[in-house]
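The values are calculated or read from the model by the stated rules, or taken from the named source; none is laboratory data. Only a predicted model underlies this, so the values are computations on that prediction, with no experimental measurement involved. Please note: Cβ atoms are built from the backbone with ideal geometry, for glycine as well, and neighbour counts cover all protein chains shown.
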Amino acid sequence: MFQKKTVILRGKDWVMIWLYAIIVIFGLLCIFSVEYKSNDDFFKSLFEFKKNYSKQFLYMIICVVLATFILLTDSKFFTATPNILYILGILLMMATFVIGKNVNGSKSWIPLGFMNLQPVETCKIFTALALAKYLSRSDTDFSKSRSQLIASGICFLPVVFSILQNETGLALVYFSFLLPMYREGFPPGYLVFGASFGVLLVITLLLPSTTLIISLAVIALLCIYFLKRKIKRNKGLLLIIIGLWMLSSFFVGVAVPFLFKHVFQKYQADRIFSMVGRDNPFVDAATVELNNADPVSKKAKTDKENYNVKQSKIAIGSGGVLGKGFLKGTQTQGDFVPEQHTDFIFTSVGENFGFVGSTILMLLYLFMLLRIVFIAERQRSTFSRVYAYSVAGILFFHIAINICMTIGLAPVIGITLPLMSYGGSSLLTFTILLFILIKLDADRQMVLR
């Protein structure tokens, strides 16, 4: 028994373990504050496992057992099985179309009785391992386009199934894998190119498509005019300008309308445009005419779309500097914020513990992210380093988007706050992600492939 205990403890990064434990317990307290009422029998409700906080407590116990099992597993298991696990993850995502359960318009859940499994969540683990496996292969030359294309395919294949399941928000999380690819030598020009289209997408939200397409044509003509001497010496420059103009115009005039009409759900598109103060231009003419004819209905619709964020801002703002105190939040106790135990759990932090509590939570997350980067850079094997950066990217994306979402700086796209939000799939996913990293780091003297 003593030897087994020594094996579990030997070489483990206790800073990471303590950070994990503190954030998970903090999350449980916040979920408890959302649902607990003064007339509830605490011990009875905790062990009946009917309340969300009692279910989260059960998930915590399962996570402790699972984390212990991971720490006892040979690290070579994680290098030997990524391809099989990745295929399993894709098959589970495909299975949701047959046996999936519809939750809030998204058929991305597989009912297991005691909990619902969301394959798009768990597939992040398998994708991180598969990417690490591919990039650590001795025959992978990541400076070549073929290898870059294969790695991108590994990362973004789950995005297709996620979008088909109406889980657009979680699909965006897979773009976090650009971080480990960039660390391993992915050309920065590709990232700049992609970021440019991201900026163009934001501009498309602010300006009418016709105006933007005309502006792009004017910019292209001005570039040709001012670069005419260089163009005379190098005809290829003219082709590049025309090609970028055609691609940008296609993106604005065809790709963006398709995205908002056929990829995003209508309520998601409406939320995005309401955030920038515009009506959704990508709706049918009958809907536009109805809205113009009935301004009262239009205002009610807009208020409904912004309701979650408005209540979230009120809850966070009402906490002030020090907060109202645990179980004393009026917005939280009054059930004013929808989905407060899941996507909007940060509002509970803001109201109960105020600016100070929110800052402490942010610092805990920042310390965790910096610690993961530190762990990544001390690895001898490419496999462990790529996996560590994948974990850092996933965590950063979830944290940044979720908190921006609750304070109105990003559209509501249904992304959980890591280790804080209620949900078995979410807590198990982040637990597995982190403890595989802790296990790989404990064996960092080994060269894993």
* Structure fact -> Conditions (1) surrounded by fewer than 24 Cβ atoms within 10 Å (Cβ to Cβ); (2) more than 16 Å from the chain's Cα centre (by Cα) -> Gln340 fails only (1)
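In segment 165-190, how many residues are within 14 Å of Ser145 (Cα to Cα) and not in a loop (DSSP other than H, G, I, E, B)?
We begin by selecting, within segment 165-190, every residue within 14 Å of Ser145 (Cα to Cα); these are 181-182, 184-190.
Among the residues that remain, those that are also not in a loop (DSSP other than H, G, I, E, B) are: 181-182, 188-190.
Within segment 165-190, residues that are within 14 Å of Ser145 (Cα to Cα) and not in a loop (DSSP other than H, G, I, E, B) number 5.
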* Asked: Given the conditions (1) surrounded by 24 or more Cβ atoms within 10 Å (Cβ to Cβ); (2) at pLDDT 90 or above; (3) more than 24 Å from the chain's Cα centre (by Cα); (4) of a type outside the set (Ser, Thr, Tyr), and given that Gly393 satisfies all but one, which numbered condition is not satisfied?
  -> (3)
* To do: Would you point out the residue of segment 132-155, among those that are within 17 Å of Pro187 (Cβ to Cβ) and touching a helix residue (DSSP H, G or I) at 6+ places or on another chain (Cβ under 7 Å), that is surrounded by the fewest Cβ atoms within 10 Å (Cβ to Cβ)?
  => Asp141
* Just give me the residues in segment 350-370 being within 20 Å of the chain's Cα centre (by Cα) and farther than 19 Å from Thr416 by Cβ, in sequence order. => Leu363, Phe367, Leu370
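Could you grab me the full set of residues in segment 405-449 that are in a loop (DSSP other than H, G, I, E, B), of a type in the set (Phe, Trp, Tyr) and in contact with a Leu (Cβ under 8 Å, 6 or more places away or on another chain)? Spell out how you get there, then give the answer.
Filtering segment 405-449 for residues in a loop (DSSP other than H, G, I, E, B) gives 407-423, 443-449.
The next check asks that each one be of a type in the set (Phe, Trp, Tyr); those that pass are 422.
None; the set is empty.
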* Condition test on Thr73, is it among the polar types (S, T, N, Q) and modelled with pLDDT of 80 or more? -> yes
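Of the residues that make up segment 344-367, is at least one of a type in the set (S, T, N, Q), within 21 Å of Lys124 (Cα to Cα) and in a helix (DSSP H, G or I)?
First, pick out the residues of segment 344-367 that are of a type in the set (S, T, N, Q): 347-348, 352, 358-359.
Filter once more, keeping what is within 21 Å of Lys124 (Cα to Cα): none.
No, the conditions are met nowhere in segment 344-367.
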* Report, by residue number, each residue of segment 405-423 that is over 27 Å from Ile375 (Cα atoms) and not β-branched (Val, Ile, Thr). => Met405, Gly408, Leu409, Ala410, Pro411, Gly414, Tyr422, Gly423
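Report, by residue number, each residue of segment 254-286 that is closer than 15 Å to Leu201 by Cα and at pLDDT below 70. Break it down into steps so the answer makes sense when it comes.
First pass over segment 254-286, keeping only residues closer than 15 Å to Leu201 by Cα: 254-261, 263-264, 269, 272-273, 275-276, 278, 280-282.
Hits for segment 254-286 are Met275, Val276, Arg278.
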* Do any helices (runs of 4 or more DSSP H) lying entirely in segment 206-278 carry at least 2 residues that are farther than 27 Å from Ser162 by Cβ and either charged (D, E, K, R) or touching a strand residue (DSSP E or B) at 6+ places or on another chain (Cβ under 7 Å) (or both), and which ones are they? -> 228-233
* **Residues being at pLDDT 90 or above and over 17 Å from the mean Cα position of the chain (by Cα) - total across segment 99-135** => 7
* To do: For residues that are over 25 Å from Thr168 (Cα atoms) and part of a loop (DSSP other than H, G, I, E, B), tally how many sit in segment 48-105.
  => 7
* Could you check Phe355 against (1) within 30 Å of Phe273 (Cα to Cα); (2) surrounded by fewer than 23 Cβ atoms within 10 Å (Cβ to Cβ); (3) touching a helix residue (DSSP H, G or I) at 6+ places or on another chain (Cβ under 7 Å) and say which number it fails? => (3)
* To do: Being at pLDDT below 85 and within 17 Å of the chain's Cα centre (by Cα) is the filter; apply it to segment 171-208 and report the residue that is farthest from Thr382 (Cα to Cα).
  => Gly198
